[in-house]
Structure formats: structure tokens, C-alpha cells
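Heads up: the structure comes next, in C-alpha cells.
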Amino acid sequence: TWHDWLRHLRSLRERRSQLEVLVGRTSVGLRRIMYRRWVQFAAESKTRREKREAAHRAAFAFASKTSETQRRRMAFNTWVRWLTVVRDRRAKTHAMSLLVSTTDRGQRSLCFSRWQRFVAHRRQHHALQKLALVKE
């Protein structure tokens, strides 16, 4: 049944993540994992880009034939879909950070990337404060 199929897919995902944790402890294994993820990301981003461009073309053709209320309704639905994508991405990022943090090297890279984000945020904040002072 489809429920057994979903259970099988979940077990495959779990097995793959366990193997990635084991293989990721070596530098060669980590490079292989990162390369595979990069190739997968490139393929997914290409399909996303193609779908987005096709959607823009269809939206332009459709918008020229719709009323303001219909366009507002479509914009709201698009916004709701965007929110769900952001929430899913946040959950996936959290799961990946939990997976990476099982190794010492992964823990260090997580801390370093968080520190870099913090530094970039502080620089942006200071630049905005300087800009606000200049305008006054």
C-alpha cells in the first residue's frame, strides 16, 4: 500500500542520513557529500528557475485578462504559499543543523556560520544607524 511505500521511503532517508553522518567524518567523505548536495541543489534551482519564469509568463498573460479583485486574491494565495515555503525551509535548516552538529567539525562550522551571520547583521545595523544619523 501507499502507507508501506511511505514507510519504506522514510527508512531510506534515515539510512542515507546515518550513512552521511558516518561518511562525513572523513574529509573525502565530507567533500563527496557536499558535492552531491551541490549538484542536487543546482538541478533543483534550475527547475525552480524554469518554473518561475514560466509562471511569470503565464501570470503576465493572465493578469491582462483579470479584474483587480481576482489579482488581489491570487496575490494573497501566493503570499500564503510563500509563508509555507519559508516555514518548511526553516524546519529543514533546523534538521540539517542537528544532523551536522553530531560531529565536532560540524559543530564548529555551525558556530562559525552563526557568528558570521551575527557579524553581518551588526554591520548592517551600524550602517543603518550611520545613515539615520546622516539624514538628521
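The values are calculated or read from the model by the stated rules, or taken from the named source; none is laboratory data. Note that this is a predicted model, so its numbers are computed, not measured. Neighbour counts are summed over all protein chains in view; Cβ atoms, including those assigned to glycine, are modelled from backbone coordinates with ideal geometry. Protein only, heavy atoms only, side chains kept; ligands, DNA and RNA dropped before computing areas. Shrake-Rupley method; radii C 1.70, N 1.55, O 1.52, S 1.80 Å.
Here the condition is being modelled with pLDDT under 85 and not assigned by the TED database to the domain that holds I33; of R81, R71, R114, it holds for R71 alone.
Taking V28, is it assigned to a helix (DSSP H, G or I) and either touching a Cys at 6+ places or on another chain (Cβ under 8 Å) or surrounded by fewer than 10 Cβ atoms within 10 Å (Cβ to Cβ) (or both)? Steps first, please.
On the way: assigned to a helix (DSSP H, G or I): yes; either touching a Cys at 6+ places or on another chain (Cβ under 8 Å) or surrounded by fewer than 10 Cβ atoms within 10 Å (Cβ to Cβ) (or both): yes.
Answer is yes for this residue.
When the test is whether a residue is open to solvent by 90 Å² or more (accessible area, probe 1.4 Å), assigned to a helix (DSSP H, G or I), at negative phi and not assigned by the TED database to the domain that holds R16, Q129 does not pass it.
Would you check if F62 is modelled with pLDDT of 85 or more and hydrophobic (A, V, I, L, M, F, W, C)?
Values: modelled with pLDDT of 85 or more: no; hydrophobic (A, V, I, L, M, F, W, C): yes.
No: the conditions fail for F62.
Apart from one condition, A95 fits all of (1) open to solvent by 60 Å² or more (accessible area, probe 1.4 Å); (2) more than 16 Å from R25 (Cβ to Cβ); the exception is (1). Scoring R105 on the criteria (1) open to solvent by 60 Å² or more (accessible area, probe 1.4 Å); (2) free of Cβ contacts under 8 Å to residues at least 12 places away in the same chain leaves a single failure, condition (2).
Among the residues of segment 37-50, is there at least one that is open to solvent by 100 Å² or more (accessible area, probe 1.4 Å), free of Cβ contacts under 8 Å to residues at least 12 places away in the same chain and more than 23 Å from R13 (Cα to Cα)? Scanning segment 37-50 turns up at least one residue that is open to solvent by 100 Å² or more (accessible area, probe 1.4 Å), free of Cβ contacts under 8 Å to residues at least 12 places away in the same chain and more than 23 Å from R13 (Cα to Cα). For segment 56-75, state whether one or more residues are acidic (D, E) and closer than 30 Å to S113 by Cβ. No.
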